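Student: My structure is below; once you've seen it, I'll send some questions.
What follows draws every value from the coordinates through simple rules; no lab data is involved. A quick note: this is a predicted structure, and the numbers were derived from the prediction, not measured. Note that we place each Cβ from the backbone using ideal geometry, even for glycine, and neighbour counts take in every protein chain shown.
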């Protein structure tokens with residue numbers, strides 16, 4: 001009698017099964033640690049990314065809300081309100097849209113994760129950050145009275161762009177999607193502002209007028225000779241030096257007044273002989289003013305008062321040497337109708 005045994009086959013594992021298992025792991029891109037983490041059900045927070053599910057425009061507000069557990073609607077309201085204030089919200093949103101990577105889309109299958117196969121330009125993200133930092137340094141240094149940094153940083157950024165262009169031409173071309181286009185457009189705008197600032201400060205420095213003394217509208221009106229300084233400086237803005245109430249000595253007195261960018265108005269006494277020295281990089285010198293309502297002479301300005309026709313009267317008169325300098329702008333000289341009171 002024949003006996004037949006029916007039961008599970010226990011034998012060596014087939015090589016094709018082992019190969020199939022490993023291939024499947026490679027395709028899904030998961031590891032045992034990843035699968036165990038997915039089965040645990042605990043959400044794992046990664047870095048700040050643009051949301052691929054909770055998005056209206058670029059997913060920036062949704063990504064911020066998911067990362068910090070904030071309602072994305074609140075973030076969107078903040079962006080809208082800040083956009084009304086000089087467009088700051090728009091600039092910040094576009095910058096974050098270009099810099100932040102997009103969150104990979106997760107399929108419906110549980111325990112399977114996909115990695116974004118979209119090529120990324122990581123270098124563009126860092127270049128944008130550096131460009132924003134350089135522009136911030138130029139603006140801050142100019143406001144604090146150190147505008148010479150703008151020229152140096154402009155030259156540095158120009159050399160950096162040349163090197164970047166050479167390196168970029170050596171790497172393979174990649175698809176230009178919308179986010180990358182916005183990033184390149186933002187980089188072009190920042191580069192234009194940096195290079196324009198550098199060129200401006202370079203030309204301004206070539207005029208020889210010092211860029212110092214503060215910014216804004218400044219006015220000096222000394223009434224005695226002891227109050228008169230030898231140097232008056234203004235970087236950006238307008239300056240008015242009113243010397244019409246000062247009694248200058250016959251031996252002479254020298255004053256230097258400068259404005260790097262703006263206008264300069266110098267008011268002189270009616271009885272003083274003036275030795276005028278002017279230096280204008282880009283601009284003009286106006287030596288007359290036809291307005292007597294402010295107490296100024298309507299006649300063209302002359303170094304010697306019109307009433308002093310003789311050499312003796314000129315030698316006996318007070319003397320003043322004015323060195324007026326403007327980098328970009330105008331210089332005006334006016335003479336008071338009446339002389340200073342003793």
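Student: Can you give the FRET efficiency to the nearest 0.05 for residue 48 and residue 212, using r as the Cβ-Cβ distance and R₀ = 41 Å?
Tutor: 0.45
Student: Taking R0 as 22 Å, what's the FRET efficiency between residue 284 and residue 200 from their Cβ-Cβ distance, rounded to 0.05? Before the final figure, lay out the partial values.
Tutor: Working: r = 19 Å, r/R0 = 0.88.
For R0 = 22 Å, the calculated efficiency reads 0.70.
Student: 7 Å from Cα along Cα→Cβ at both residue 163 and residue 57: what's the point-to-point distance in nm?
Tutor: 3.4
Student: Between residue 311 and residue 277, what length comes free when the chain is fully extended (0.36 nm per residue of separation minus the Cα-Cα distance, one decimal in nm)? Mind dumping the intermediate values first?
Tutor: Working: separation 34, 0.36 × 34 = 12.24 nm, distance 2.16 nm.
Contour length minus Cα-Cα distance gives 10.1 nm.
Student: What is the Cα radius of gyration of the stretch 215-335 over 2.2 N^0.38 Å, N being its residue count?
Tutor: After normalising by residue count via 2.2 N^0.38 Å, the value is 1.02.
Student: What is the spin-label model distance, in nm, from residue 90 to residue 137 if the labels are put 7 Å beyond Cα along the C-beta direction?
Tutor: 2.9
Student: Taking 0.36 nm per residue of sequence separation and subtracting the Cα-Cα distance, how much length would be gained by fully extending the chain between residue 126 and residue 148, in nm to one decimal? Write down the numbers at each step before the final one.
Tutor: Numbers: separation 22, 0.36 × 22 = 7.92 nm, distance 2.52 nm.
So the chain would gain 5.4 nm between residue 126 and residue 148.
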